[in-house]
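Participant: This is the structure I have questions about; it appears just below.
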């Protein structure tokens, strides 16, 4: 059985799905999937690939309705209570529902995209997905948001000292907030839907997001400076309601898993493309880009936060992630 199949069928869900294995094809149903970005984005590409693949493989018996919702926490809550079927979301608010997810939000945990994707697709990431079921959710598959970078409207940021006093919007994520407060910034958690008005009004000076998010949301219109800190790899997730999956027969579950893999491939491909072209696009739009960042200095400045993460999170899991290497 594949890792993905075990993630979906694991932790007790297999038992509730087993009686449906021989169920006949159902009448046409509609699944609703929400994500927080424009359709022309890496989340939109993932959702579209999921929709096209599931509809094709089920001969349109299952239709997918894609909606935008800028409030990620609200989406996860809606999936949990069953008012929507699935969401594509960053991990930002998910640790509030599944505490183990907080581990993957630690700064400078992943070396590069190959490390992040490989570790999350391995047994390490699948073990985290297996913990969603106890929270009334199904963690279907890891997607991605990309490596996060800092923007602000006040000054160039070259060194950790340049962070002091900056009011930075963060996700509602204690791991991220601790990192920014350790650097001397003033982390201000808020939903993504509130971000642009907060930047326009000066409620916050800056924010941090991957290049695809900055480009897709035209944040250059309210931010002048971009620093390529790559301070956190930001995973994303396809999360679904257990009841939605429980209503699928065996053939449709297989189609669902194939659609999830298609979403993952399309999402990651778009992140790679946006990362390759996005910085120059933001320069073209008028942003000042700091490309040379003393990563070692930022890591040293975060030493107190790293020590706290070892105590408050799963230190053994963090070490497994850091030490992950591809099989030879």
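Residue-wise test of (1) free of Cβ contacts under 8 Å to residues at least 60 places away in the same chain; (2) over 24 Å from the mean Cα position of the chain (by Cα).
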site: 269; (1), (2): no, no
site: 276; (1), (2): yes, no
site: 284; (1), (2): yes, yes
site: 287; (1), (2): no, yes
site: 308; (1), (2): no, no
site: 323; (1), (2): yes, no
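Participant: Here is a further query. Given the conditions (1) within 25 Å of residue 313 (Cα to Cα); (2) touching a strand residue (DSSP E or B) at 6+ places or on another chain (Cβ under 6 Å); (3) part of a loop (DSSP other than H, G, I, E, B), report the number of the one that residue 104 does not fulfil.
Facilitator: If we test residue 104 against (1) within 25 Å of residue 313 (Cα to Cα); (2) touching a strand residue (DSSP E or B) at 6+ places or on another chain (Cβ under 6 Å); (3) part of a loop (DSSP other than H, G, I, E, B), just (3) comes out false.
Participant: Moving on to the next point. For residue 55, indicate whether it is surrounded by 17 or more Cβ atoms within 10 Å (Cβ to Cβ) and either within 15 Å of the chain's Cα centre (by Cα) or modelled with pLDDT under 95 (or both).
Facilitator: Numbers: surrounded by 17 or more Cβ atoms within 10 Å (Cβ to Cβ): yes; either within 15 Å of the chain's Cα centre (by Cα) or modelled with pLDDT under 95 (or both): no.
Criteria not met by residue 55.
For (1) in a loop (DSSP other than H, G, I, E, B); (2) modelled with pLDDT under 65; (3) surrounded by 15 or more Cβ atoms within 10 Å (Cβ to Cβ), each residue gets a yes or a no:
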site: 4; (1), (2), (3): no, yes, yes
site: 7; (1), (2), (3): no, yes, yes
site: 11; (1), (2), (3): yes, yes, yes
site: 15; (1), (2), (3): no, yes, no
site: 19; (1), (2), (3): no, yes, no
site: 37; (1), (2), (3): yes, no, yes
site: 44; (1), (2), (3): no, no, yes
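Participant: Out of the residues in the range 289-298 meeting the condition of being part of a loop (DSSP other than H, G, I, E, B) and in contact with a helix residue (DSSP H, G or I) (Cβ under 9 Å, 6 or more places away or on another chain), tell me which one is surrounded by the fewest Cβ atoms within 10 Å (Cβ to Cβ). Show your work before the answer.
Facilitator: Keep residues of the range 289-298 that are part of a loop (DSSP other than H, G, I, E, B), which gives 291-294.
Those still in the list that are in contact with a helix residue (DSSP H, G or I) (Cβ under 9 Å, 6 or more places away or on another chain) too: 291, 294.
Values: 291: 9, 294: 13.
For the range 289-298, the residue satisfying everything is 291.
Participant: Name the single residue, out of those in the range 93-116 being in contact with a helix residue (DSSP H, G or I) (Cβ under 8 Å, 6 or more places away or on another chain) and either surrounded by fewer than 20 Cβ atoms within 10 Å (Cβ to Cβ) or without any contact (Cβ under 8 Å) to a residue 24 or more places away in the chain (or both), that is nearest to residue 232 (Cα to Cα). First the steps, then the outcome.
Facilitator: Narrowing the range 93-116 to residues in contact with a helix residue (DSSP H, G or I) (Cβ under 8 Å, 6 or more places away or on another chain): 93-98, 100-110, 113.
From the residues that got through so far, the ones that are either surrounded by fewer than 20 Cβ atoms within 10 Å (Cβ to Cβ) or without any contact (Cβ under 8 Å) to a residue 24 or more places away in the chain (or both) too are 96-97, 100, 108-109, 113.
Numbers: 96: 18, 97: 20, 100: 17, 108: 6, 109: 7, 113: 11 Å.
That would be 108.
Table: residues versus (1) at pLDDT below 95; (2) under 17 Å from the mean Cα position of the chain (by Cα).
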site	(1), (2)
63	no, no
72	yes, yes
85	no, no
103	no, yes
106	no, yes
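Participant: With respect to residue 173, determine if the residue is surrounded by fewer than 20 Cβ atoms within 10 Å (Cβ to Cβ) and either in contact with a helix residue (DSSP H, G or I) (Cβ under 8 Å, 6 or more places away or on another chain) or closer than 26 Å to residue 83 by Cα (or both). Break it down into steps so the answer makes sense when it comes.
Facilitator: Working: surrounded by fewer than 20 Cβ atoms within 10 Å (Cβ to Cβ): no; either in contact with a helix residue (DSSP H, G or I) (Cβ under 8 Å, 6 or more places away or on another chain) or closer than 26 Å to residue 83 by Cα (or both): yes.
In short, no.
Participant: Return the only residue of 131, 126 being closer than 26 Å to residue 51 by Cβ and either modelled with pLDDT under 95 or not in a strand (DSSP E or B) (or both). Steps first, please.
Facilitator: Working: 131 fails: closer than 26 Å to residue 51 by Cβ.
None of the others qualify; the one that does is 126.
Participant: Looking only at the range 215-243, filter to residues that are modelled with pLDDT of 95 or more, touching a helix residue (DSSP H, G or I) at 6+ places or on another chain (Cβ under 7 Å) and part of a helix (DSSP H, G or I); which one of those is farthest from residue 181 (Cα to Cα)?
Facilitator: Filtering the range 215-243 for residues that are modelled with pLDDT of 95 or more, touching a helix residue (DSSP H, G or I) at 6+ places or on another chain (Cβ under 7 Å) and part of a helix (DSSP H, G or I), the one farthest from residue 181 (Cα to Cα) comes out as 242.
Participant: Here is a list: 166, 195, 186, 137. Which entry is touching a strand residue (DSSP E or B) at 6+ places or on another chain (Cβ under 8 Å) and either farther than 27 Å from residue 283 by Cα or crowded, with 24+ Cβ neighbours inside 10 Å (or both)? Please lay out each step first, then the result.
Facilitator: Numbers: 166 fails: either farther than 27 Å from residue 283 by Cα or crowded, with 24+ Cβ neighbours inside 10 Å (or both); 195 fails: either farther than 27 Å from residue 283 by Cα or crowded, with 24+ Cβ neighbours inside 10 Å (or both); 186 fails: either farther than 27 Å from residue 283 by Cα or crowded, with 24+ Cβ neighbours inside 10 Å (or both).
Of 166, 195, 186, 137, the one residue that is touching a strand residue (DSSP E or B) at 6+ places or on another chain (Cβ under 8 Å) and either farther than 27 Å from residue 283 by Cα or crowded, with 24+ Cβ neighbours inside 10 Å (or both) is 137.
Participant: Another question, if that's okay. I need the full set of residues from the range 160-199 which are in a loop (DSSP other than H, G, I, E, B) and modelled with pLDDT of 95 or more, in order please. Quick ask: steps written out before the conclusion?
Facilitator: Keep residues of the range 160-199 that are in a loop (DSSP other than H, G, I, E, B), which gives 164-166, 171-173, 183-185, 190-191.
Listed by number, the residues that qualify are 164, 165, 166, 183, 184, 185.
Participant: Of the residues 286, 278, only one is closer than 30 Å to residue 46 by Cβ, in contact with a helix residue (DSSP H, G or I) (Cβ under 8 Å, 6 or more places away or on another chain) and part of a loop (DSSP other than H, G, I, E, B); which? Give the derivation first.
Facilitator: Numbers: 278 fails: part of a loop (DSSP other than H, G, I, E, B).
Residue meeting the stated conditions: 286.
Participant: Select from the range 150-163 the residues that are surrounded by fewer than 18 Cβ atoms within 10 Å (Cβ to Cβ), touching a residue at least 60 places away in the same chain (Cβ under 8 Å) and over 18 Å from residue 223 (Cα atoms) and list them in ascending order.
Facilitator: The first filter runs over the range 150-163 and keeps only residues surrounded by fewer than 18 Cβ atoms within 10 Å (Cβ to Cβ), leaving 153-156, 158-159, 161.
Keeping just the survivors that are touching a residue at least 60 places away in the same chain (Cβ under 8 Å) gives 153-156, 158-159.
Across the range 150-163, the qualifying residue is only 159.
Participant: Same structure, new question: Kindly establish whether residue 25 is loosely packed, with under 15 Cβ neighbours inside 10 Å, out of contact with any helix residue (DSSP H, G or I) (no Cβ under 7 Å at 6 or more places or on another chain), modelled with pLDDT under 95 and closer than 14 Å to residue 256 by Cβ.
Facilitator: On the way: loosely packed, with under 15 Cβ neighbours inside 10 Å: yes; out of contact with any helix residue (DSSP H, G or I) (no Cβ under 7 Å at 6 or more places or on another chain): yes; modelled with pLDDT under 95: yes; closer than 14 Å to residue 256 by Cβ: yes.
It is true that residue 25 is loosely packed, with under 15 Cβ neighbours inside 10 Å, out of contact with any helix residue (DSSP H, G or I) (no Cβ under 7 Å at 6 or more places or on another chain), modelled with pLDDT under 95 and closer than 14 Å to residue 256 by Cβ.
The values are calculated or read from the model by the stated rules, or taken from the named source; none is laboratory data. This structure is a prediction, so every number in the text was calculated from the model and none was measured. Every residue, glycine among them, receives a Cβ derived from its backbone with ideal geometry; neighbour counts consider all protein chains shown.
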